[in-house]
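Novice: Quick one: structure below, then a few questions.
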Amino acid sequence: MRPQIQEIADRLIADMTSMREANLLQAFASPFSLHVICQFLGVPERDIEQIGQWLQRLNQADLEGTAVAHEIAANFQNYLLDLAVKECDSNSDTLFRRLVTRHADGDLSEKDLISSSFLLLSAGYETAMNLIGNSVLTLLTNRGLWNEIQSGQHELATVVEELLRWECPLEFSTLRVAIRKIELEGVSIEPGEKVLFCFYAANRDPQYFMAGEQLQFQCRHATAHMSFGFGLHYCLGAGLARLESEVAISSLLRTFPEMRLNPDQPEPRWLPGLTMRGLDQLPVRFDSEVFFT
């Protein structure tokens, strides 16, 4: 999918080259991640804007009340069921079409068809958007590293892995439940007790990462971080997330080498919440005169 993902990035960046400043989340990270995951799943182009509106409202549902979340969930369920009927008669080779085929063959229940498709859309959108926003903020506040990457001193794949370790788009895992008594660092965890794992703590474990409190693109075991989970719970979209980040970061560096945080706008803040880690906005300026002639 690299050519298709690059095409999405190029189209969005082309729209930004006439701007002096922008909220990079709104102008790039959000629509980029939305279009990639929709194309990956097989959402028709005409429906992507509506899907984006539902996902953005869902992200705010905790603040608006559970009734809003239920309404959006119902909208998604009706939409996906309707799309499944249409896909039955299509010859497309999308992921959703393959899921529909498994459902028609009796290998996948209707509930699993809908929940799996919704999970791919929602998780694939928000985590990728946060990863891109978090990564760009990290690089803009570490200008020396931004310049090193731009000059080709580091392989981009290695850069993405270290950014994943350093500013993971997830702070905590989903809930786990202890099935037996565990003694850990002097703490007793009883059977049935709920446990949350903190990715940030794992990714800075001094017994595993030398100088884990430092951001560096050398002397790291590239994929040693826990940002994609582990084992049975390893992130289904890890490969896609890596590819999206590589394309997004390389495209922004190439087109906007002088990009800076916008000093005339409020500093980005971390959104409240227990699981996701993302920014409220990412105001930037494009200082090179070449973009404004």
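The values are calculated or read from the model by the stated rules, or taken from the named source; none is laboratory data. What you see is a predicted model, and the numbers here were worked out from it, not measured in a lab. Reconstructed Cβ throughout: ideal geometry from the backbone, glycine too, with neighbour counts over all protein chains shown. For the accessible areas, the whole protein counts, side chains as well, though only heavy atoms, and no ligand, DNA or RNA atoms are used. Shrake-Rupley method; radii C 1.70, N 1.55, O 1.52, S 1.80 Å.
Novice: For region 142-150, take each phi angle, set θ = phi - 60°, evaluate the Karplus expression 6.51 cos²θ - 1.76 cosθ + 1.60, and give the result in whole Hz per residue in order, putting x for glycine and proline.
Specialist: 10, 4, x, 5, 4, 5, 5, 5, 4
Novice: Taking θ as phi - 60°, what are the ³J(HN,Hα) couplings along region 6-15 by the Karplus curve (6.51, -1.76, 1.60), each to the nearest whole Hz, with x for Gly and Pro?
Specialist: 5, 5, 4, 4, 4, 5, 5, 5, 4, 6
Novice: Give me, ordered by chain and number, the residues 5 or more places off M276 or on other chains with an amide H under 5 Å from its own placed amide H.
Specialist: Amide H neighbours of M276, under 5 Å, 5+ apart: E171.
Novice: Solvent-accessible area of T275, probe 1.4 Å, all protein chains present, reported in Å² to the nearest ten, please.
Specialist: Result for T275: roughly 60 Å² accessible.
Novice: Quick one: what are the phi-derived ³J(HN,Hα) couplings along region 115-126, Karplus 6.51/-1.76/1.60 with θ = phi - 60°, whole Hz, x for glycine and proline?
Specialist: In residue order, the calculated couplings are 5, 5, 5, 5, 4, 4, 5, 6, 5, x, 7, 5 Hz.
Novice: Moving on to the next point. Using r as the Cβ-Cβ distance of R57 and D264, and R0 as 30 Å, what FRET efficiency do you calculate, to the nearest 0.05?
Specialist: Once rounded, the FRET efficiency stands at 0.55.
Novice: Right, another one. Going 7 Å from the Cα of T66 along its beta-carbon direction, which residues of region 158-201 have the amide nitrogen within less than 18 Å of the resulting point?
Specialist: Counting only backbone N, you get 175.
Novice: Can I ask one more? Straight distance only, please: which lysines reach the Cα of K111 with their own Cα at less than 19 Å, same-chain residues fewer than 8 apart left out?
Specialist: Leaving aside lysines fewer than 8 places away in the same chain, those within reach of K111 are K86.
Novice: Under 8 Å for C-alpha pairs, at least 6 residues apart: give me the relative contact order for region 163-282, rounded to a whole percent.
Specialist: Normalised by residue count, the contact order of region 163-282 is 27 percent.
Novice: How big is the shadow of the Cα convex hull of region 130-236, averaged over all directions, in nm²?
Specialist: 7.9
Novice: Taking 0.36 nm per residue of sequence separation and subtracting the Cα-Cα distance, how much length would be gained by fully extending the chain between D205 and A14, in nm to one decimal?
Specialist: The D205-A14 span can extend by a further 64.7 nm.
Novice: For I48 and D280, what does the FRET efficiency come to when R0 = 22 Å and r is the distance between their Cβ atoms, rounded to the nearest 0.05?
Specialist: Once rounded, the FRET efficiency stands at 0.40.
Novice: Relative contact order, percent, of the chain when contacts are C-alpha pairs under 8 Å separated by at least 6 residues?
Specialist: It rounds to 25 percent for the chain.
Novice: When the accessible area of region 160-293 is computed with all protein chains present and a 1.4 Å probe, what percentage of it is carbon and sulfur?
Specialist: 58
Novice: Say a site is exposed when it is one of the trypsin sites (Lys or Arg not before Pro), sits in a DSSP loop, and has at most 15 other Cβ atoms within 10 Å; what is then the longest site-free stretch of the chain?
Specialist: Value returned for the longest uninterrupted segment is 21-179.
Novice: Before I look further, what does the chain give for accessible area per residue, probe 1.4 Å, in whole square angstrom?
Specialist: 55
Novice: Is region 9-128 best put as rounded, prolate or oblate by its Cα gyration tensor, with a ≥ b ≥ c the root eigenvalues, rounded for a/c under 1.5, and otherwise prolate when a/b is larger than b/c, oblate when not?
Specialist: Verdict is oblate for region 9-128.
Novice: With point charges of +1 on the Cβ of Lys and Arg and -1 on the Cβ of Asp and Glu, referenced to the Cα centre of region 137-214, which listed residue (P191, A157, N203) lies farthest in the positive direction of the dipole?
Specialist: Farthest along the dipole direction, towards plus: P191.
Novice: Which residues' amide hydrogens lie under 5 Å from the amide hydrogen of M259, considering only partners 5 or more residues apart or on another chain, with H built in the peptide plane?
Specialist: It is D287, by chain and number.
Novice: Please compute, for the alpha-carbon atoms of region 121-162, the extent along each of the three principal axes and give them in descending order in Å.
Specialist: 35, 20, 13
Novice: Could I ask something else about it? Could you work out the longest stretch of the chain that avoids the chymotrypsin sites (Phe, Trp or Tyr not before Pro) located in DSSP loops with at most 14 other Cβ atoms within 10 Å?
Specialist: After excluding every exposed loop site, the longest remaining stretch is 1-207.
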